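Asker: A single structure is presented below for examination.
The values are calculated or read from the model by the stated rules, or taken from the named source; none is laboratory data. Remember, it's a predicted structure, so these values are computed and weren't measured experimentally. We place every Cβ from the backbone using ideal geometry, glycine too, and count neighbours over all the protein chains shown. Areas reflect the complete protein model, heavy atoms only, side chains present, ligands, DNA and RNA absent. Shrake-Rupley method; radii C 1.70, N 1.55, O 1.52, S 1.80 Å.
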Amino acid sequence: MRTSMGDLKVKNRIKVFRAMHDLTQEKLAQALGVTRQTILAIEKEKYDPSLSLAFRIAYYFNVKIEDLFTYTNEELQQVSGTSDGDLPWPK
């Protein structure tokens with residue numbers, strides 16, 4: 001996802017969830033219908049997944065999308081133009 005405020009990267013915990021489920025990048029990629037290189041690029045934060053793929057990954061691990069993908073508070077403040085206490089969504 002890109003904004004006029006510059007490049008914002010999504011932080012993710014896919015590698016953590018893969019380890020918890022004893023999955024290789026290849027097995028996860030096969031289950032999701034993508035390449036291993038796609039999983040690698042997402043894990044290394046070189047590529048932000050489409051919303052559709054992000055939801056598929058969350059569904060696969062049976063977690064909320066927010067459990068897998070987040071922005072840092074600093075990045076959120078940059079986008080919203082507010083201080084941490086004034087963010088328009090739950091912390």
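Asker: Determine, yes or no, whether Leu32 is touching a residue at least 24 places away in the same chain (Cβ under 8 Å) and either open to solvent by 30 Å² or more (accessible area, probe 1.4 Å) or of a type in the set (A, V, I, L, M, F, W, C) (or both).
Answerer: In short, yes.
Asker: For the range 35-61, name all the residues that are open to solvent by 50 Å² or more (accessible area, probe 1.4 Å), out of contact with any helix residue (DSSP H, G or I) (no Cβ under 7 Å at 6 or more places or on another chain) and in contact (Cβ under 8 Å) with a residue 24 or more places away in the chain. Break it down into steps so the answer makes sense when it comes.
Answerer: Looking only at the range 35-61, we keep the residues that are open to solvent by 50 Å² or more (accessible area, probe 1.4 Å), and these are 35-37, 40, 44-47, 50-52, 55-56, 59-60.
Next, only the ones that are out of contact with any helix residue (DSSP H, G or I) (no Cβ under 7 Å at 6 or more places or on another chain) stay: 37, 44-46, 50-52, 59.
If the condition is that a residue be open to solvent by 50 Å² or more (accessible area, probe 1.4 Å), out of contact with any helix residue (DSSP H, G or I) (no Cβ under 7 Å at 6 or more places or on another chain) and in contact (Cβ under 8 Å) with a residue 24 or more places away in the chain, then Glu45 is the only one that fits.
Asker: So which residues in the range 52-66 are among the aliphatic types (A, V, I, L, M) and farther than 16 Å from Thr38 by Cα, if there are any at all?
Answerer: Val63, Ile65
Asker: Quick one: is Tyr47 modelled with pLDDT of 95 or more and either in a loop (DSSP other than H, G, I, E, B) or hydroxyl-bearing (Ser, Thr, Tyr) (or both)? Walk me through it before giving the result.
Answerer: On the way: modelled with pLDDT of 95 or more: no; either in a loop (DSSP other than H, G, I, E, B) or hydroxyl-bearing (Ser, Thr, Tyr) (or both): yes.
Taking the combined requirement at face value, the residue does not satisfy it.
Asker: Take the residues in the range 13-22 that are out of contact with any helix residue (DSSP H, G or I) (no Cβ under 8 Å at 6 or more places or on another chain) and among the aliphatic types (A, V, I, L, M); name whichever of them is most open to solvent (accessible area, probe 1.4 Å). Steps first, answer last, please.
Answerer: To start, the set of residues in the range 13-22 that are out of contact with any helix residue (DSSP H, G or I) (no Cβ under 8 Å at 6 or more places or on another chain) comprises 16, 19-20, 22.
Pick out the ones that are also among the aliphatic types (A, V, I, L, M) and you get 16, 19-20.
Details: Val16: 68, Ala19: 76, Met20: 125 Å².
In this case the residue turns out to be Met20.
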